[in-house]
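The structure appears below as structure tokens.
The values are calculated or read from the model by the stated rules, or taken from the named source; none is laboratory data. Owing to the predicted nature of the structure, the values given are computational and were not obtained by experimental measurement. Cβ coordinates were reconstructed from backbone atoms using ideal geometry, including for glycine residues, and neighbour counts include every protein chain displayed.
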Amino acid sequence: MRTLIVGHGGRESALASSMAEHSELHAFVGHENPSIVRHAAASGGSHEVGDVCDPSAVAAFARARDVDIAMVSADEPLQAGVVDALLAQGTRAVGPTSAGAEIEWNKTFARALLADVAPEASPLLRVAHDAGELDEALAVFGSQPVAVKPPGLTGGKGVKVMGPHLSSHAEARDYALEVLARSKPGEGVHIEEKIVGAEFTIQAISDGVTVVFPPATYDYPFRFDGDEGPGTGGMGSLSMAAPTLPFMTHAHYETACSIIERVIARLAELGRHFSGVMNSGFFATADGVKVIEFNARFGDPECMNIMSLFDGSWPAVMERIVAGRLTAADVPLRREASLVLYLVSPDYALRAGRAYEFSLDRERIEAAGCHVFFSSAVQVAENTYRTVGTSRAVALVSTAATLEQARATVVECARSVTVLEWRRDVGEEGYLNGLVRLVRPHASSGAEPLLPNAG
Ligand code: GLY
């Protein structure tokens with residue numbers, strides 16, 4: 001079977017690794033990601049560098065390589081209609097059409113749909129299109145703290161919340177005006193109640209009808225330890241051997257899964273083609289679950305958690321999805337904890353920056369028990385790589401019976417990589433205990449152990 005992966009992040013590297021093991025992999029990428037290029041070549045496939053958001057270029061590549069089935073799991077290509085172009089020429093594809101992916105690229109549409117299917121999980125929201133509407137919107141919240149969110153795609157970098165980023169409604173107003181000034185006509189800005197709780201995501205896998213639920217994941221969105229600094233695409237992520245995370249109850253997990261099922265069913269009722277993965281973001285709170293957003297694709301880094309636990313054939317899952325015959329048995333996942341750590345350019349999320357060369361001994365790191373999934377980097381010599389742009393350079397991933405073991409392996413391997421920066425508190429127990437206290441504010445002390453599923 002000939003498969004196609006579109007995109008070049010750590011997420012696509014992890015998918016490419018499984019796809020190349022079970023098929024001839026062809027890759028359409030924005031730069032020569034060393035993991036993807038290596039896996040494609042080893043499988044007897046190929047790669048081409050081009051604009052991953054150009055539907056006709058991707059479709060032409062798929063035709064030229066006589067691809068049987070394609071995987072598109074990156075936000076911008078989905079919004080641009082890459083799946084639409086593949087389906088239109090008869091190439092089978094996993095991933096929603098642009099209309100199905102609107103659940104991600106138009107947060108106003110997403111929130112209207114959510115208000116229909118799960119009003120109890122919708123945070124209070126006002127959408128403002130000008131300064132007058134903005135003042136009316138802020139007045140609705142009184143003295144309550146708010147979050148300001150651009151409604152379109154922002155790569156995880158557009159949301160600002162009172163507390164960590166904004167100190168007052170006046171600052172929230174200034175930032176909302178900034179968002180309005182750069183938004184597309186009619187798009188507006190979202191003013192939302194600030195939710196107190198801990199975030200989690202579920203990477204629901206679906207053929208548009210059946211939905212399979214892997215364990216919940218936790219993503220570290222901020223640049224520096226202790227959640228300091230600007231928002232990023234995610235500096236690391238983890239999952240536990242249980243489906244839940246230390247700060248969650250099973251009721252949080254079950255409610256979140258049920259909301260995802262309702263959203264996918266509603267997209268089908270609306271005639272919007274959805275298949276692939278819905279990376280859904282929630283807050284676990286003392287009063288239940290609130291929805292943050294829906295992404296019409298795997299999360300990055302969270303995809304790497306799930307793919308590192310996956311013991312099956314991803315091309316076989318793709319076949320089942322396009323046939324509309326997905327079952328939970330098609331997605332065997334080891335019951336282990338997993339930890340992903342992104343190593344980034346020193347300039348990442350801070351400034352435009354420059355290219356950095358770094359050393360990384362892939363074979364040694366893999367022998368030590370870590371997967372190496374490159375992202376915004378290219379290879380320049382043996383064990384020497386260069387960052388591309390200012391995005392995340394490379395992810396190290398490990399799975400083990402306990403989170404502590406997985407973390408120890410990843411941290412040991414990260415120390416051997418030069419130049420790049422990484423957060424020291426990813427997977428650290430004190431940090432996770434802080435999340436437990438956010439959801440259960442009356443839980444006694446910092447020394448309180450994690451819930452029993454923390455292993
Ligand atoms: N980790 C956040 C995202 O994939 O959007």
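So which residues in segment 123-151 are surrounded by fewer than 17 Cβ atoms within 10 Å (Cβ to Cβ), in contact (Cβ under 8 Å) with a residue 40 or more places away in the chain and touching a helix residue (DSSP H, G or I) at 6+ places or on another chain (Cβ under 8 Å), if there are any at all?
124, 129, 130, 131, listed by residue number.
Look through segment 93-111, keep the residues that are surrounded by fewer than 19 Cβ atoms within 10 Å (Cβ to Cβ) and not polar (S, T, N, Q), and return whichever of them is nearest to residue 189 (Cα to Cα). Before the answer, list the steps.
First pass over segment 93-111, keeping only residues surrounded by fewer than 19 Cβ atoms within 10 Å (Cβ to Cβ): 99, 106, 108-109.
Of the ones still in play, those that are also not polar (S, T, N, Q) are 99, 109.
On the way: 99: 21, 109: 13 Å.
The selected residue is 109.
State whether one or more residues within segment 267-277 are in contact (Cβ under 8 Å) with a residue 60 or more places away in the chain, within 16 Å of the ligand (Cβ to nearest atom) and either within 20 Å of residue 192 (Cα to Cα) or in contact with a Phe, Trp or Tyr (Cβ under 7 Å, 6 or more places away or on another chain) (or both).
yes
Collect the residues in segment 280-315 that are within 16 Å of the ligand (Cβ to nearest atom), under 23 Å from residue 151 (Cβ atoms) and either more than 10 Å from the chain's Cα centre (by Cα) or part of a strand (DSSP E or B) (or both), keeping them in residue-number order. Can you show your working first?
So the first thing to find is which residues in segment 280-315 are within 16 Å of the ligand (Cβ to nearest atom), and the list is 280-283, 291-308.
Those still in the list that are under 23 Å from residue 151 (Cβ atoms) too: 280-283, 291-300, 302.
Those that are within 16 Å of the ligand (Cβ to nearest atom), under 23 Å from residue 151 (Cβ atoms) and either more than 10 Å from the chain's Cα centre (by Cα) or part of a strand (DSSP E or B) (or both): 280, 281, 282, 283, 291, 292, 293, 294, 295.
Here's a check for you: in segment 392-415, which residue that is among the basic types (Lys, Arg) and touching a residue at least 40 places away in the same chain (Cβ under 8 Å) is farthest from residue 344 (Cα to Cα)? Steps first, please.
First, the residues of segment 392-415 that are among the basic types (Lys, Arg): 392, 407, 415.
Applying the additional criterion that residues be touching a residue at least 40 places away in the same chain (Cβ under 8 Å) yields 392, 407.
Details: 392: 4, 407: 18 Å.
Here the answer is 407.
For segment 352-365, which residues satisfy the criterion of being modelled with pLDDT of 95 or more and within 23 Å of residue 7 (Cα to Cα)?
Just the residues of segment 352-365 that are modelled with pLDDT of 95 or more, to begin with: 355-365.
Within segment 352-365, 355, 356, 357, 358, 360, 362 meet the criteria.
When the residues of segment 328-360 are filtered to those that are more than 23 Å from the chain's Cα centre (by Cα) and in a loop (DSSP other than H, G, I, E, B), which remaining residue is surrounded by the fewest Cβ atoms within 10 Å (Cβ to Cβ)?
Initial filter on segment 328-360 (more than 23 Å from the chain's Cα centre (by Cα)): 329, 353-360.
Keeping just the survivors that are in a loop (DSSP other than H, G, I, E, B) gives 353-356, 360.
Numbers: 353: 15, 354: 10, 355: 15, 356: 19, 360: 25.
Within segment 328-360, the match that is surrounded by the fewest Cβ atoms within 10 Å (Cβ to Cβ) is 354.
Limited to segment 86-121, what total is found for residues that are at pLDDT below 95 and not in a helix (DSSP H, G or I)?
Final tally of qualifying residues: 1.
Going residue by residue through segment 285-302, is there one that turns out to be under 26 Å from residue 424 (Cβ atoms) and of a type in the set (Asp, Glu)?
yes
Could you tell me how many of the residues in segment 224-254 are crowded, with 19+ Cβ neighbours inside 10 Å and either of a type in the set (Val, Ile, Thr) or closer than 16 Å to residue 346 by Cα (or both)?
Result for segment 224-254: 7.
Considering only residues that are outside any loop (DSSP other than H, G, I, E, B) and touching a residue at least 60 places away in the same chain (Cβ under 8 Å), look in segment 363-391 and name the one that is surrounded by the fewest Cβ atoms within 10 Å (Cβ to Cβ).
Within segment 363-391, the first condition is being outside any loop (DSSP other than H, G, I, E, B), and the residues that meet it are 363-367, 371-374, 377-381, 384-387.
Now restrict to residues that are touching a residue at least 60 places away in the same chain (Cβ under 8 Å): 371-374, 377-379, 385.
Values: 371: 24, 372: 23, 373: 30, 374: 28, 377: 29, 378: 16, 379: 18, 385: 23.
Among those that are outside any loop (DSSP other than H, G, I, E, B) and touching a residue at least 60 places away in the same chain (Cβ under 8 Å), it is 378.
Identify, from the list 12, 24, the residue that is modelled with pLDDT of 95 or more and surrounded by fewer than 24 Cβ atoms within 10 Å (Cβ to Cβ). Walk me through it before giving the result.
Working: 12 fails: surrounded by fewer than 24 Cβ atoms within 10 Å (Cβ to Cβ).
Unique residue meeting the criteria: 24.
Can you say whether residue 293 is free of Cβ contacts under 8 Å to residues at least 12 places away in the same chain, under 17 Å from residue 117 (Cα atoms) and not small (Gly, Ala, Ser), as far as the supplied structure shows? Walk me through it before giving the result.
On the way: free of Cβ contacts under 8 Å to residues at least 12 places away in the same chain: no; under 17 Å from residue 117 (Cα atoms): yes; not small (Gly, Ala, Ser): yes.
No: the conditions fail for residue 293.
Considering only residues of segment 75-92 that are within 16 Å of the ligand (Cβ to nearest atom) and surrounded by fewer than 24 Cβ atoms within 10 Å (Cβ to Cβ), which is nearest to residue 290 (Cα to Cα)? Reasoning before the result, please.
So in segment 75-92, the residues within 16 Å of the ligand (Cβ to nearest atom) come out as 75-79.
Now narrow it down to the ones that are surrounded by fewer than 24 Cβ atoms within 10 Å (Cβ to Cβ): 75-76, 79.
Working: 75: 23, 76: 26, 79: 25 Å.
It comes out as 75.
Any residue in segment 347-363 that is more than 27 Å from residue 112 (Cα to Cα), aliphatic (A, V, I, L, M) and within 16 Å of the ligand (Cβ to nearest atom)? Lay out the reasoning, then the answer.
Pass one, segment 347-363, residues more than 27 Å from residue 112 (Cα to Cα): 347-363.
Within this subset, residues satisfying the condition of being aliphatic (A, V, I, L, M) are 349-350, 352, 355, 360.
With within 16 Å of the ligand (Cβ to nearest atom) added as a condition, the list becomes 349.
Looking through segment 347-363, at least one residue is more than 27 Å from residue 112 (Cα to Cα), aliphatic (A, V, I, L, M) and within 16 Å of the ligand (Cβ to nearest atom).
To keep it simple, each residue is scored yes or no on (1) within 23 Å of residue 437 (Cβ to Cβ); (2) within 16 Å of the ligand (Cβ to nearest atom); (3) within 22 Å of the chain's Cα centre (by Cα).
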{"residue": "153", "(1), (2), (3)": "no, yes, yes"}
{"residue": "161", "(1), (2), (3)": "yes, yes, yes"}
{"residue": "170", "(1), (2), (3)": "no, no, no"}
{"residue": "193", "(1), (2), (3)": "yes, no, no"}
{"residue": "214", "(1), (2), (3)": "no, yes, yes"}
{"residue": "217", "(1), (2), (3)": "yes, yes, yes"}
{"residue": "220", "(1), (2), (3)": "yes, yes, yes"}
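Report yes if residue 153 is under 19 Å from residue 111 (Cβ atoms), hydrophobic (A, V, I, L, M, F, W, C) and modelled with pLDDT under 90, otherwise no. Steps first, answer last, please.
On the way: under 19 Å from residue 111 (Cβ atoms): yes; hydrophobic (A, V, I, L, M, F, W, C): yes; modelled with pLDDT under 90: yes.
Here the answer is yes, as residue 153 does meet what is asked.
Okay, residues lined up against (1) at pLDDT 95 or above; (2) in a helix (DSSP H, G or I); (3) farther than 28 Å from residue 95 by Cβ:
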site: 190; (1), (2), (3): no, no, no
site: 203; (1), (2), (3): yes, no, no
site: 208; (1), (2), (3): yes, no, no
site: 218; (1), (2), (3): yes, no, no
site: 234; (1), (2), (3): yes, no, no
site: 245; (1), (2), (3): yes, no, no
site: 255; (1), (2), (3): yes, yes, no
site: 267; (1), (2), (3): yes, yes, no
site: 273; (1), (2), (3): no, no, no
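Looking at 58, 6 in this structure, which one is surrounded by 24 or more Cβ atoms within 10 Å (Cβ to Cβ), closer than 25 Å to residue 391 by Cβ and over 19 Å from the mean Cα position of the chain (by Cα)?
On the way: 6 fails: over 19 Å from the mean Cα position of the chain (by Cα).
Matching residue, one of 58, 6: 58.
Which of (1) closer than 21 Å to residue 303 by Cβ; (2) within 16 Å of the ligand (Cβ to nearest atom) does residue 230 not meet, given it meets every other one?
(1)
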